[in-house]
Amino acid sequence: MNLISIVTSALLTENVVLTKFLGICPFMGVSTKRRNAISMGISVMLVVTLSSIITWTLYHFLLVPTKTEYLKTVLFVLVIASLVQLLEIILKRYFKQIHDMLGLYLPLITTNCAVLGIVLLNINNDYNFIEMLTYSICSSLGFTLVIYIFSSMREKINNSDVPQPFKGHPIALITAAIMALLFSRYV
Amino acid sequence: MIGIVILTGTALVLGTILVIVDLTINKKDEREEEFLKRLPGYNCGTCGYGSCSGMACEMCKNIDAYKKCRPLRGDKLKEMEEYLENLKKD
């Protein structure tokens, strides 16, 4: 029962992008095309899942026994940065197309606050290993879902007749705001 | 004190992993070093690749790139052309 509530809240009701407002940078930046949105989502999912496993293990087996819990933020940033570097090396060698398509946004996953946010929430919510894994996979899946929906909407908006002052980012921000209202059950 | 040790230790481990992965995945072209030895080494940048190592890297993709090197003259140029001919024969 607990796992089901974690899945639904992580995916929809407490979506990282639209209710916690984490990871807005890639949400606005990479959502111009559906293909980019999907590849960004998959990379974020990979980084979030791997870094959650590593940071959870480090926290419970290294920081708690040595009573150095105050180090968690610094240590987690370190782990995330290294993982993104690792991902970049691998993508550059074996998936050159995805690497070129993501461009600057790939190293920017390091500073994507959604990643650090999910990792820290795992610790703050006192999840056990299974719950942590479910929460991080579903949260990143929620990120991918939202960024995909948003990119399909933006593709349609680009082809429609938008008033001149709203063209580009303004209309995207308004769309995001309406989406956020829907996701946080205000409408 | 223990905090510093933990942070440094983790950084060291992660850094080592990154270096090992980078070295195993991106194997350096062996020719690059040989090219670099035969270039003048002034790092003047007139070729447009920034430095002699940049030129050596470019030569791995396009073997004729050495023609853009202006200080490469006389004996050095002969040496480079001989080496390139030997490479083609192999």
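The values are calculated or read from the model by the stated rules, or taken from the named source; none is laboratory data. Predicted, not measured: the structure shown is a model, and the values here were computed from it. Cβ atoms come from the backbone with ideal geometry, glycine included; neighbour counts cover every protein chain shown.
Among the conditions (1) surrounded by 14 or more Cβ atoms within 10 Å (Cβ to Cβ); (2) assigned to a loop (DSSP other than H, G, I, E, B), residue A:185 misses just one, which is (1). Of the residues in region A:71-81, not one is within 16 Å of residue A:50 (Cα to Cα) and either touching a Gly at 6+ places or on another chain (Cβ under 9 Å) or not in a helix (DSSP H, G or I) (or both).
Look at residue A:104 and say whether it is surrounded by fewer than 18 Cβ atoms within 10 Å (Cβ to Cβ), under 20 Å from the mean Cα position of the chain (by Cα) and under 13 Å from residue A:40 (Cβ atoms). Yes: the conditions hold for residue A:104.
Considering B:21, B:13, the condition of being aliphatic (A, V, I, L, M) and exposed (fewer than 13 other Cβ atoms within 10 Å of the Cβ) is satisfied by B:13 alone.
Counting only helices (runs of 4 or more DSSP H) that sit completely within chain B, those holding 3 or more residues that are free of Cβ contacts under 8 Å to residues at least 12 places away in the same chain and within 14 Å of chain A (Cβ to nearest Cβ) correspond to B:2-25. Each residue in region A:38-78 was checked for being hydrophobic (A, V, I, L, M, F, W, C), closer than 23 Å to residue A:105 by Cα, surrounded by 20 or more Cβ atoms within 10 Å (Cβ to Cβ) and within 12 Å of chain B (Cβ to nearest Cβ), and 2 pass. In this structure, residue A:109 does not satisfy being part of a helix (DSSP H, G or I), within 14 Å of chain B (Cβ to nearest Cβ) and crowded, with 17+ Cβ neighbours inside 10 Å. Look at residue A:123 and say whether it is modelled with pLDDT of 90 or more and buried (at least 21 other Cβ atoms within 10 Å of the Cβ). Criteria not met by residue A:123. Residue A:87 fulfils the conditions (1) crowded, with 18+ Cβ neighbours inside 10 Å; (2) facing chain B (nearest Cβ under 10 Å); (3) not basic (Lys, Arg) except for a single criterion, (2). Assessment of region A:128-148 against the conditions (charged (D, E, K, R) and at pLDDT below 90) yields no matching residue. How about region A:124-139: which of its residues are farther than 19 Å from residue A:114 by Cβ and in a helix (DSSP H, G or I)? Listed by number, the residues that qualify are A:129, A:130.
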